[in-house]
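Student: I'd like to ask you about the structure that follows.
The values are calculated or read from the model by the stated rules, or taken from the named source; none is laboratory data. All of these numbers come straight from a predicted model, not from anything done at the bench. Note: ideal-geometry Cβ built from the backbone for every residue, glycine included; neighbour counts use all protein chains shown.
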Amino acid sequence: MTALRVAVIGCGAVSEIYHLPALRRCSRAQLTAVVDADATRAANVARRHGAALAITDFRELPGKVDAAVIATPNTSHADIACFLLDHGVHVLCEKPLATTLADAQRMARASRRGSARLMAGQCRRFNPNAELVRELIARGHLGTITQISAALGGRYGQWPQRTDFRRDRALSGGGVLLDLGIHLIDLALWLAGEEATVARYESTDTMNWGVENDAEVTLEFTGGGRALLACSYTHGLNRTLRVQGTRGWAETSVDGLPTVTFFGEQSRLCQRAGAQHLLVPEADVYSSQMDHFVGAVLDGSPFAIDLDQVLAGVRLVEECYRVARAA
């Protein structure tokens with residue numbers, strides 16, 4: 001079996017902690033190149049992770065690799081992805097896919113007009129606990145969804161990071177909503193399986209960065225349900241995902257903790273013993289995501305993450321920022 005030759009573009013913390021180790025564990029992939037504008041950084045990362053090539057310009061990749069992971073500052077995603085896709089290189093792009101709907105649509109068009117394909121890196125969909133909640137919904141155990149609530153946050157700086165690009169709008173394209181909130185929006189759209197609009201958006205910039213560092217969003221789904229989402233750079237939030245339906249509910253962590261609490265009115269076990277605590281395997285979501293991406297490219301199978309749904313998430317972020325500007 002021929003391994004997929006993969007490059008990682010951007011040698012920041014997310015690449016070193018997550019993407020590069022995931023590639024090393026992927027039996028069907030070969031880390032061929034790392035790319036960074038800092039030549040010394042690229043060389044050091046290539047040496048540590050066993051990449052044959054250390055490159056400073058992503059435009060050198062076509063012909064050398066089959067696929068690339070984009071893990072650069074947000075506003076650069078679209079230009080890099082479109083170039084690679086147009087030159088036959090498959091792309092796994094870190095979230096947010098893009099900072100504007102126009103850029104996200106441009107990336108989707110590039111993917112659809114050629115042989116190379118684009119997958120968005122919404123890694124939390126690969127958490128087994130989130131997958132179980134979605135299965136409970138799909139099997140009808142919760143009935144019709146009436147409300148999804150989710151929160152994600154912590155004091156900025158507690159996560160490893162190479163640079164402070166998130167504080168610079170020209171590089172980040174937005175604040176905590178685009179960085180953390182996009183995970184919650186994506187999970188809500190994926191679980192509900194419906195289109196949504198923004199019913200309410202509130203944000204603050206208490207740290208005076210010029211981008212929001214706390215945000216709350218209420219989405220309304222076409223089926224009548226809603227999602228209440230909160231994200232923060234200033235304080236910890238409960239990191240809980242809860243789905244309420246007309247016939248039951250499920251609650252778990254936004255992260256990959258291995259339990260789901262579930263109650264279904266029509267479940268005989270719940271009728272006898274009340275809410276059930278279901279155990280799921282723990283998993284490295286970046287490895288699961290990488291295995292899926294590499295396997296789908298090699299096998300020609302569909303990506304699990306629907307691109308149109310990801311574009312809908314970018315549209316909702318853009319809609320939130322439009323609400324903020326009009327306030």
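Student: Could you list, ordered by first residue, the pairs with Cβ atoms under 9 Å in which the first is in region 155-184 and without any contact (Cβ under 8 Å) to a residue 24 or more places away in the chain and assigned by TED's automatic domain parsing to the domain that holds Tyr233 and the second is crowded, with 22+ Cβ neighbours inside 10 Å and not hydrophobic (A, V, I, L, M, F, W, C), at least 6 apart or interchain?
Tutor: Sorted first by the residue in region 155-184, then by its partner, the pairs are Gly157/Tyr233.
Student: Another question about this same structure. Residue under question is Ala110, and the condition is that it be part of a helix (DSSP H, G or I), out of contact with any Cys (no Cβ under 6 Å at 6 or more places or on another chain) and under 25 Å from Glu319 (Cβ atoms); does it hold? Spell out the reasoning first.
Tutor: Working: part of a helix (DSSP H, G or I): yes; out of contact with any Cys (no Cβ under 6 Å at 6 or more places or on another chain): no; under 25 Å from Glu319 (Cβ atoms): yes.
Considered against the rule, which asks whether it is part of a helix (DSSP H, G or I), out of contact with any Cys (no Cβ under 6 Å at 6 or more places or on another chain) and under 25 Å from Glu319 (Cβ atoms), Ala110 comes out as no.
Student: Quick test of your reading of the structure: Gln276 fulfils all but one of (1) closer than 19 Å to Cys123 by Cα; (2) without any contact (Cβ under 8 Å) to a residue 24 or more places away in the chain. Name the failing condition by number.
Tutor: The number of the failed condition is (1).
Student: Okay, next question. Go over the candidates Leu136, Leu142 one by one and state the one that is surrounded by 23 or more Cβ atoms within 10 Å (Cβ to Cβ) and hydrophobic (A, V, I, L, M, F, W, C). Even if it seems obvious, please write down each step before you answer.
Tutor: On the way: Leu136 fails: surrounded by 23 or more Cβ atoms within 10 Å (Cβ to Cβ).
After applying the criteria, what remains is Leu142.
Student: Let me ask something else. Tell me whether region 307-318 contains one or more residues that are part of a helix (DSSP H, G or I) and at pLDDT below 95.
Tutor: Let us first name the residues in region 307-318 that are part of a helix (DSSP H, G or I), namely 307-318.
After this cut, where a residue has to be at pLDDT below 95 as well, the list is none.
So far as region 307-318 goes, no, none of its residues is part of a helix (DSSP H, G or I) and at pLDDT below 95.
Student: Something else about it: Of the residues Pro62, Pro128, which is more than 18 Å from Cys11 (Cα to Cα), touching a Pro at 6+ places or on another chain (Cβ under 6 Å) and not β-branched (Val, Ile, Thr)? Let's see the steps before the verdict.
Tutor: Values: Pro62 fails: touching a Pro at 6+ places or on another chain (Cβ under 6 Å).
None of the other options fit; the residue is Pro128.
Student: Here's something else I'd like to know. Among residues belonging to region 206-217 that are surrounded by fewer than 16 Cβ atoms within 10 Å (Cβ to Cβ) and of a type outside the set (A, V, I, L, M), point out the one that is farthest from Asp168 (Cα to Cα). If you could, list the steps in order and put the result at the bottom.
Tutor: Going through region 206-217, the residues surrounded by fewer than 16 Cβ atoms within 10 Å (Cβ to Cβ) turn out to be 206-208, 210.
Checking the rest, the ones that are also of a type outside the set (A, V, I, L, M) come to 206, 208, 210.
Working: Thr206: 15, Asn208: 11, Gly210: 8 Å.
That would be Thr206.
Student: Looking at Arg268 and the list (1) free of Cβ contacts under 8 Å to residues at least 12 places away in the same chain; (2) not assigned by TED's automatic domain parsing to the domain that holds Leu180, which single condition is not satisfied?
Tutor: Here Arg268 meets the rest and fails (2).
Student: Return the pairs, sorted by first residue and then second, in which the second residue is buried (at least 17 other Cβ atoms within 10 Å of the Cβ) and of a type in the set (Lys, Arg), the first residue lies in region 110-139 and is on the phi < 0 side of the Ramachandran plot, the beta carbons are less than 8 Å apart, and the residues are 6+ apart or on different chains.
Tutor: Qualifying pairs under 8 Å: Ser111/Arg117; Ala120/Lys95; Gly121/Lys95; Gln122/Lys95; Cys123/Lys95; Ala130/Arg124; Glu131/Arg125.
Student: Here is a further query. Given the conditions (1) out of contact with any Lys or Arg (no Cβ under 9 Å at 6 or more places or on another chain); (2) closer than 20 Å to Phe293 by Cβ; (3) of a type outside the set (Phe, Trp, Tyr), and given that Val65 satisfies all but one, which numbered condition is not satisfied?
Tutor: Result: Val65 fails condition (1) only.
Student: Could you say whether any residue in region 85-92 is among the hydrophobic types (A, V, I, L, M, F, W, C), over 22 Å from Thr56 (Cα atoms) and either without any contact (Cβ under 8 Å) to a residue 24 or more places away in the chain or out of contact with any Phe, Trp or Tyr (no Cβ under 9 Å at 6 or more places or on another chain) (or both)?
Tutor: Keep residues of region 85-92 that are among the hydrophobic types (A, V, I, L, M, F, W, C), which gives 85, 89, 91-92.
From the residues that got through so far, the ones that are over 22 Å from Thr56 (Cα atoms) too are none.
No - not one qualifying residue is present in region 85-92.
Student: Now for a different question. Restricting attention to region 307-327, report how many residues are surrounded by 16 or more Cβ atoms within 10 Å (Cβ to Cβ) and either assigned by TED's automatic domain parsing to the domain that holds His77 or without any contact (Cβ under 8 Å) to a residue 60 or more places away in the chain (or both).
Tutor: 0
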